[in-house]
1. Give the ranking of 156, 134 by solvent-accessible surface, highest area first, calculated with a 1.4 Å probe.
2. So what are the radius of gyration and Dmax for the Cα set of the range 1-47, in Å?
3. Given a cut-off of under 8 Å on Cα pairs at least six residues apart, what relative contact order in percent is computed for the chain?
4. What does the accessible area of residue 98 come to, in Å² to the nearest 10, when a probe of 1.4 Å is used?
5. Evaluate E = 1/(1 + (r/R0)^6) for residue 84 and residue 105, where r is the Cβ-Cβ distance and R0 equals 22 Å; express this FRET efficiency to the nearest 0.05.
6. Over all directions, average the projected area of the Cα convex hull of the range 69-182 and note it in nm².
7. Provide the per residue accessible area, probe 1.4 Å, for the chain, rounded to a whole number of square angstrom.
8. Taking amide H atoms as placed 1.01 Å from N in the peptide plane, list the residues 5 or more away in sequence, or in a different chain, whose amide H sits under 5 Å from that of residue 95.
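The values are calculated or read from the model by the stated rules, or taken from the named source; none is laboratory data. Just so you know, these numbers come straight off a predicted model, no measurement behind them. With ideal geometry, Cβ positions are generated from the backbone for all residues, glycine too; neighbour counts draw on all protein chains shown. Areas reflect the complete protein model, heavy atoms only, side chains present, ligands, DNA and RNA absent. Shrake-Rupley method; radii C 1.70, N 1.55, O 1.52, S 1.80 Å.
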Amino acid sequence: MRKVTSGLFISLDGVVEAPHLWQFDVFDEDMGDAMTQFLADIDTVLLGRVTYQEWAAYWPNATTDGEYAVFINDTPKYVASTTLNQVDWRNSTLITGDVAAAVANLKAQSGGNIGIQGSPTLVRYLLSVGLLDELTLMIHPVIAGRGQRLFPGDSELKRMALIDSRITGSGVAMLTYGKKAE
């Protein structure tokens, strides 16, 4: 069975929105190496609507981050949305209806990891229904102050197990959590 994994840039105060505004002064070689390793195991990408719309407007014509542009443009993408009628970005498929059933179906297929890119609402949902296998938080030594937080105040209790931890040279804590054995 395939794993569903998520890797999110996050500030000390839990903000995951717009990391391009607060992360690049600490995005060092250690983080680059970890991101390359994380992406190497992914052959399918899951996106929520907001991330899809932002990224579909940027990545097909990106002039920077060439390696990531090739990865995200060439990798099959599944977009969870209740409001979109179609997706036009190359290699994209729209998930309509039961997202949990669609993701469970993807997990049952052969292949590598299924990686959620951005999409904190989708991450929270898949975590709540037991379909997220690993969550890597790259905690940046910054307080963003405002923006969407990964876990709003109404999240339910969910216990997880620490699988891996690393600290980059610039002080980013990279913590990977998985399902806690019951």
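1. Numbers: 156 130, 134 40 Å².
Heavy-atom accessible area, descending, gives 156, 134.
2. Both quantities, over Cα of the range 1-47: 12.5, 38 Å.
3. 37 percent
4. Looks like 90 Å² after rounding.
5. Values: r = 19 Å, r/R0 = 0.88.
Calculated transfer efficiency: 0.70.
6. On the way: hull surface 38.4 nm².
In nm², the orientation-averaged hull projection of the range 69-182 is 9.6.
7. Details: 9830 Å² over 182 residues.
Result: 54 Å² per residue.
8. Under 5 Å from the amide H of residue 95: 79, 80, 81.
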